[in-house]
Amino acid sequence: MAQWVDAYSADDIENEEAIRFDHGGRTFAIYRSPDDEFFATDGLCTHEKVHLADGLVMDDIIECPKHNGRFNYKTGEAKGAPVCVNLRTYPVRVGNKRVFVEI
């Protein structure tokens, strides 16, 4: 059953940044868009399991730091070779300046 998990203070995540979040033996990435919205995906690239939070965020794209594969972090869609498998995304909400992810 899904549950809302308190991940971070909203102030800990800058615009166009990804931050790693580990919970329950899994790794997630949380993003803050240029429009000040928050999003969450699986934290490892679907190509070679590299931590996406170490990658470059531009607009709505996260670029994997190893082979430069790209994903739309809002939808999880694989957008550039060598990645071809989409990321799983998770609902996010913000309350009392805290970011919560539904896992």
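None of the figures in this text is laboratory data; all of them are computed from the coordinates on show. Quantities reported herein were computed from a predicted structural model and do not represent experimental measurements. Note that we place each Cβ from the backbone using ideal geometry, even for glycine, and neighbour counts take in every protein chain shown.
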Residue tally, condition farther than 21 Å from residue 22 by Cα and of a type in the set (Lys, Arg), over the stretch 46-96: 2
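Could you list, in sequence order, the residues of the stretch 46-59 that are of a type outside the set (Asp, Glu) and in contact (Cβ under 8 Å) with a residue 40 or more places away in the chain?
Of the residues in the stretch 46-59, the ones of a type outside the set (Asp, Glu) are 46-47, 49-53, 55-58.
Within the stretch 46-59, 46, 57, 58 meet the criteria.
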Contacts under 6 angstrom Cβ, first residue in the stretch 23-41 being within 13 Å of residue 10 (Cβ to Cβ), partner of a type in the set (Asp, Glu) and surrounded by 11 or more Cβ atoms within 10 Å (Cβ to Cβ), 6 or more apart: 32/17
Among (1) hydrophobic (A, V, I, L, M, F, W, C); (2) crowded, with 18+ Cβ neighbours inside 10 Å; (3) out of contact with any Cys (no Cβ under 6 Å at 6 or more places or on another chain) - the single one residue 64 does not satisfy: (3)
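Residues that are closer than 17 Å to residue 97 by Cα and β-branched (Val, Ile, Thr): find the strands (runs of 3 or more DSSP E) completely inside the stretch 11-81 holding 1 or more of those.
On the way: elements: 17-23, 26-32, 38-42, 56-58, 61-63, 70-72, 78-80.
Here the list reads 17-23, 26-32.
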